[in-house]
Every structure is written in C-alpha cells, then in structure tokens.
Amino acid sequence: MTDARHFALVTGASSGIGLELARQLAERGYDLVVNAEDESRLLEAAREVRAAGTEVEAVVADLRSPEQTDGLYERATASGRPLDVVVLNAGVGQGGAFTGNDLADELEIIDLNVRSTVHLAKRALRDMEARGGGRVLVTSSIAATMPGSFQAVYNASKSFLQSFTEALQNELADTGVTLTSLMPGPTETDFFRRAGMEDTAVGRQDKDDDDAAQVARQGLDALFAGKDKVVAGSAKTKAQALANKVLPDSVKAQMHRRMAEPGSAGQDS
Ligand SMILES: NC(=O)c1ccc[n+]([C@@H]2O[C@H](COP(=O)([O-])OP(=O)(O)OC[C@H]3O[C@@H](n4cnc5c(N)ncnc54)[C@H](OP(=O)(O)O)[C@@H]3O)[C@@H](O)[C@H]2O)c1
C-alpha cells in the first residue's frame, strides 16, 4: 500500500449502499478495508471495488458480535496506517408487528445497527481525535425522523444513530474530526427483501429514482464537504424528509403503518 493514498474502512460493503460507497471511495483514490459477514459476497464485492485500481482488503466479521467488531478494527489498523475515513454503514431491518416478531431477531438488529456502530465509533474517533483529523460517515435513514409502525425497532435504531451522530458532531467540533449522517430514503437494494417486507407498500414501491450509487455519491459529497447530514436520494425522498420536519409524530406513525404494515402492498393507493 502507498501511504500517499488515503485509507478508509467501510462496513456492510458487500452490497447495496455500502458497496457503492466503497466503490466510489476507491474511485476517489482510497485504499480500503471492506467488511461484511457473508464471505463469498464480500470477496466478490472486493474484486469489483479493486477494479478502480486501489488496494482493497476484505475482512469478514459478524458485527453482531462485540469480539468480531473489535477484531475488525484491529485488522483495519494493524498496519499502523491511519484511517482517514470510516464508514459505519452495516445495518438490517425487520418488518412485522412488534408483538409477533421474535425477540432475539430484534435484539440482533440493535446489536448490529446500534451496538456495532457505537463500538467502532469509539475506537475510530479516539484515534482520529488523538491525530487531530478524520471523517466518519454514519448511515442513518429518513426512518430516523418517523416512528416506524411495523418496523419499530429498526426506525428506533436509526433515531439512535441520528441523535448519537449529531451529539458527537458537537462534542468534536474544532478537533479536526467530522461526522456526517447519511439519511437515505427507500433505496433499491436487498434491504426490504432481507427485512421480510416484500408484501409491504414501501417494499414494493418503485425505487428506480433512488438507486444506491446516487445515495452513495450524495453521502460522500456531504462527507467531504464536512456537512452534518444529508438526506440522500430522489426529489421525492427529499420532499418526504422536509414534510417530516413539520408533521406530528402520530401522523407520521400512521403514514408509516400504511407503507410498512404486512400486506399493505395489496392496498396501494
Ligand atoms: N435500502 C434502503 O431503503 C435504506 C434506506 C435508509 C437507510 N438504509 C441503510 O443503509 C445501510 C445499508 O443497507 P442497504 O440498503 O445497502 O442493504 P443491503 O444491500 O442489504 O446491505 C446491508 C449490508 O450490511 C451487511 N451486514 C448485514 N448483517 C451484517 C453483520 N451481521 N455483520 C456485518 N455486516 C452485515 C451486509 O453484508 P452480508 O452480505 O454479510 O449480509 C450488507 O453488506 C443499512 O444501515 C440500512 O439501514 C437503507
């Protein structure tokens, strides 16, 4: 690896938004450590990202596990090379009624979306603060701005990340370290299939105008501009985020029910 090149870590880089973030960082000249849990998908993604001509190391780690989360950071920093950019993107959702869903599955969402992000942020931000520089991108969601009926734990996990990121922006002001919250709307990835939401209105809705490459580009532009947050995606997504600023929470919860209740795909308006 050449030290003159910048160096970044991207979690959840095997598909969707994380793969695009990794690809576009490589196109901007970054050497990378990329992470996911599924080895074959991660190795395939790393091969694709290497096409941009930078060094890409794939590190398989299940970020639901604190030990493997620590192991990922150890591997990423083992060479002594400082991480200029850390992208905390790995995350999953789960649709369905809270009282019907399995408790263990929902606690795993918290382990991945919340606990692993706090864990990696702790390690990375301490190092960045000591060095006086670095950039962190946290994949939140516009879900952070609305109560998530029939996706309650997921939306709450993103509200946590949003609050967490904005608090750290203030704590770390004037240290040379920046954090940016990436807030995509519904985006064309594997997310809704994996969340078991293919029979929902939001799972089924046309997302042709909200592709992962566009979301990643808007996220990286905001990161490198030092912005606090960016709602990423189509004009429709940005309009939804604006509306969410003024709508009462109870109205947003009811809107979310219409989008995310199992079977809602059949009742499309
Ligand atoms: N798509 C949307 O509509 C949308 C909207 C707003 C925010 N987001 C957020 O965007 C982020 C990326 O999601 P996506 O839409 O790109 O979905 P995706 O294509 O399903 O990507 C999820 C990524 O997370 C990784 N991951 C899952 N479980 C993991 C684990 N236990 N340990 C390590 N990595 C794990 C996956 O890797 P494996 O191959 O190992 O499973 C994959 O790389 C998530 O934080 C999501 O909440 C998505």
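The values are calculated or read from the model by the stated rules, or taken from the named source; none is laboratory data. Since the model is a prediction, treat every value here as computed from it, not as a measurement. As a convention, Cβ positions derive from the backbone with ideal geometry for all residues, glycine included, and neighbour counts pool all protein chains shown. The area values use the complete protein model at the heavy-atom level, side chains included, leaving out ligands, DNA and RNA. Shrake-Rupley method; radii C 1.70, N 1.55, O 1.52, S 1.80 Å.
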Quiz item: For the chain, how big is the tail of P(r) above 26 Å, as a whole percent of Cα pairs?
Solution: 38 percent
Practice problem: Place a +1 charge on the Cβ of each Lys and Arg in the chain and a -1 charge on the Cβ of each Asp and Glu, then give the dipole magnitude about the Cα centre in debye, rounded to the nearest 20. | Solution: 680 debye
Quiz item: Carbon and sulfur atoms: what percent of the 1.4 Å accessible area of the chain do they account for?
Solution: 49 percent
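Return one whole number: the accessible area per residue of the chain in Å², for a 1.4 Å probe. Don't jump to the answer; show the numbers that get you there.
On the way: 12130 Å² over 269 residues.
On a per-residue basis, 45 Å².
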Quiz item: How much accessible area does residue 159 have with a 1.4 Å probe, in Å² rounded to the nearest 10?
Solution: 40 Å²
Quiz prompt | Proximal lysines relative to residue 252, as straight alpha-carbon distance under 30 Å, when same-chain residues fewer than 8 apart are discounted | solution = 158, 207, 227, 229, 236, 238
Self-check item: Cα gyration tensor of the stretch 51-123 - equivalent ellipsoid semi-axes, whole Å, descending
Solution: 29, 14, 10
Quiz item: Can you list residues whose amide H is under 5 Å from residue 134's amide H, if they're 5+ apart or on another chain and H is modeled 1.01 Å from N?
Solution: 178
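For the ranges 99-105, 192-198, 172-178, what's the packing order if you count other beta-carbon atoms within 10 Å of each residue, average per peptide, and put the highest first? Intermediate results must be reported in sequence, preceding the final value.
Numbers: 99-105: 10.1, 192-198: 17.3, 172-178: 14.4.
My ranking of the peptides, most packed first, is 192-198, 172-178, 99-105.
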Quiz item: Out of 23, 47, 64, any idea which swings most in a Gaussian network model of the chain, alpha carbons joined below 10 Å?
Solution: 47
Quiz item: Per 5 Å bin, what percent of the C-alpha pairs of the stretch 192-236 does each bin hold, from zero upward?
Solution: 5, 21, 20, 19, 17, 10, 7, 1
Exercise. Take the alpha carbon atoms of the stretch 9-73, find their center, do the same for the stretch 147-189, and report the distance between the two centers in whole angstrom.
Key: 21 Å
Quiz item: Taking amide hydrogens as modeled 1.01 Å from N in the peptide plane, which residues meet the under 5 Å criterion relative to residue 57, leaving out close sequence neighbours?
Solution: 32, 33, 34
Quiz item: Along the Cα-to-Cβ line of residue 235, 7 Å from the Cα, sits a label point; which residues in the stretch 196-223 have backbone N less than 14 Å from it?
Solution: 209-210
Exercise. Give me the accessible area of residue 231, 1.4 Å probe, in Å² rounded to the nearest 10.
Key: 40 Å²
